[in-house]
1. List Phe316, Phe23, Phe305 from most exposed to least, where exposure is judged by having the fewest other Cβ atoms within 10 Å.
2. Determine the sum of side-chain charges near Asn206: Lys and Arg each +1, Asp and Glu each -1, restricted to other residues whose C-beta is under 13 angstrom from that of Asn206.
3. Using a 7 Å offset from the Cα along the Cα-to-Cβ direction at both Asp92 and Asp12, what is the distance between the two label points in nm, to one decimal?
4. Between the helical axis of 323-340 and the dominant principal axis of the chain, each derived from Cα atoms, what acute angle in degrees is found, rounded to the nearest 10?
5. State the Cα centre-to-centre distance between region 308-332 and region 70-106 in whole Å.
6. For a footprinting-style exposure proxy, rank Arg105, Arg169, Arg304, Arg7 by other Cβ within 10 Å, fewest first.
7. What does the charge add up to near Thr151, with Lys and Arg as +1, Asp and Glu as -1, over the other residues with Cβ less than 9 Å from its Cβ?
8. Multiply the residue separation of Arg20 and Ile108 by 0.36 nm, subtract the distance between their alpha-carbon atoms, and state the gained length in nm to one decimal.
Amino acid sequence: MTDNVLRHFALDGAVALCERYGFGHINETYRVVTENDAWYILQKVNHHVFTDVPALMENVAAVTGYLAQHVDDPRGAMQLVHTTEGMPYYLDEAGDYWRVYVFIRDSICLQKAETAEDFYESAIAFGGFQQLMAGFPAATLHETIPNFHNTIDRYAKFKAAVAADKLGRAASVQEEINFLLAREQEMSTLHTLRLSGELPLRVTHNDTKLNNVMLDAKTRKGLCVIDLDTVMPGLSLYDYGDSIRFGAATAAEDEKDASLMGIDLGLFRVYTRGFLTACPGLTELEVELMPLGAKTMTLECGMRFLTDYLDGDVYFAIHYPEHNLVRTHTQLALVADMEKNWDKMQQIVKEEHKK
């Protein structure tokens, strides 16, 4: 199957090896090596998750093409390989979409930070992505997941789920519901400022986990960000905030003991320093609102978990009946700890911004 697909791409030499590769759960990924020792990544894009693959690939082609013109090291941007017909993807007879990237050699990808320096380098990579894409017209990108960080819309869906109460679970989670509702106005701030234009529309990655950063294998310095499927128009604070939610937390997202969850202020400082260093073009308001970005992304995620729990666990994969509720508890605990440390978080941002 893959041999027939690969014949449609402009590769350097005949295919000598094609094998499954990586840890991805959405797309099928393969490593390809040709007789000329050219390495590639072949992917079958999951069109059940991404329902408009042509629009998604238009985004990817536009962003990778722009990045390629603004990096010194070719490994600083993913390189999309077009088909022999000049297309950024191939649609096979079965209706599956395929794409090919140049393999980023002499690089590593970590599933979690082994040191604070690793986390710092992820900040350099994602902050650098923001800086490099600053001149790109973000509004021209397709919104592949509509209303992804529209917190006002997320609240509407959440309140609808509470009202419907399909499984009769609402009464048992009234404390969590009240926690979310009490913060509705504050959590709408970023989206309101986006609509008013007070926060600039930027190209955002929207999945800013460490495993979407390639590091140089020798120096462990950040090279580039990968997995551009969720690249859309948005706010810099979405990417920054979700990185903090995931990387500066003291416990895992599905830790059953929510008392273990909090904000690691040391890691918060490390990431903030890296992001500000790599992206000096942020506006004063963007910098000022960095703590709110972290809090908003965390609460939004918790609200999505609770919405899914009320709806009957139809969106997020679960491994036991209360899995989404456990996830909700960790995210709300993280929000509560951020609130306790709010003055410290604001002070850290001010200190790092002055450097």
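Every number in this text was worked out from the coordinates using simple rules, so none of it is lab data. It should be emphasised that the depicted structure is a prediction, and the values quoted were computed from it without experimental measurement. No Cβ is skipped: glycine too gets one built from the backbone with ideal geometry, and neighbour counts run over all protein chains shown.
1. Values: Phe316 13, Phe23 8, Phe305 27.
Fewest-to-most ranking of Phe316, Phe23, Phe305: Phe23, Phe316, Phe305.
2. Residues close to Asn206 contribute a combined charge of -4.
3. Taking the simple label geometry, Asp92 and Asp12 are separated by 2.6 nm.
4. So the inclination is approximately 70 degrees.
5. Each part reduced to its Cα centre gives a spacing of 35 Å.
6. Result, fewest neighbours first: Arg105, Arg7, Arg169, Arg304.
7. Once positives and negatives cancel, what remains is -2.
8. Taking Arg20 through Ile108 to full extension adds about 30.0 nm, to one decimal.
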